[in-house]
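J.: One structure follows; several queries about it will come next.
The values are calculated or read from the model by the stated rules, or taken from the named source; none is laboratory data. Just so it is clear, the structure is predicted and the values come from calculations on it, not from any experiment. We place every Cβ from the backbone using ideal geometry, glycine too, and count neighbours over all the protein chains shown. Heavy atoms of the whole protein, side chains included, go into the accessibility calculation; ligands, DNA and RNA do not. Shrake-Rupley method; radii C 1.70, N 1.55, O 1.52, S 1.80 Å.
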Amino acid sequence: MTRLLDLCSLIRSKNAGPFWLTFDFVARDQASFERIAQPSVFTPQLFAELYGADPAHILTVRHERAQAVKVSFPRPVRQGDLTDSDSYGGQQYAPLVDLEVPEPVG
């Protein structure tokens, strides 16, 4: 299988305010976008398992013209909390770079 890193020209995470994290996945080309935009790739269950997020609060947006997928969810603790290990949210993407992306169905 192909890794997410092989399909994206940009993978990043960042704060979306002090209470939310957002992830951006920008595909290298249309074929790569079609693979990463499959509903089976960025599932609420994936982000629940990796980040302890509530699946009911995970938002996924697919931007066809930008060839990008954005995933956002509430931070586990607010930005700057004493237990916050990544105040800017910029390191949260790391567990996803080696995600195996299946071939498109159909």
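J.: Could you tell me which of the residues D86, D6, D54, D81 is farther than 23 Å from V105 by Cα, of a type outside the set (A, V, I, L, M) and modelled with pLDDT of 95 or more?
T.: The unique qualifying residue is D54.
J.: What tally of residues in segment 92-103 results from selecting those that are in contact (Cβ under 8 Å) with a residue 60 or more places away in the chain and surrounded by 12 or more Cβ atoms within 10 Å (Cβ to Cβ)?
T.: Total meeting the criteria: 6.
J.: Among the helices (runs of 4 or more DSSP H) contained in segment 1-83, which hold 3 or more residues that are open to solvent by 70 Å² or more (accessible area, probe 1.4 Å)?
T.: 44-51
J.: Separate question: Under 7 Å by Cβ, and 6 or more places apart or on different chains, what pairs join a residue from segment 44-67 that is more than 22 Å from S32 (Cβ to Cβ) with one that is open to solvent by 80 Å² or more (accessible area, probe 1.4 Å) and modelled with pLDDT of 95 or more?
T.: P55/Q45
J.: Another question about this same structure. Filter segment 18-29 for residues that are under 17 Å from D86 (Cα atoms) and either out of contact with any Lys or Arg (no Cβ under 9 Å at 6 or more places or on another chain) or among the β-branched types (V, I, T) (or both) and give the result.
T.: Residue satisfying the conditions is T22 alone.
J.: Scanning segment 78-106 for residues that are hydrophobic (A, V, I, L, M, F, W, C) and under 18 Å from the mean Cα position of the chain (by Cα), which turns out farthest from M1 (Cα to Cα)?
T.: So the residue we want is A94.
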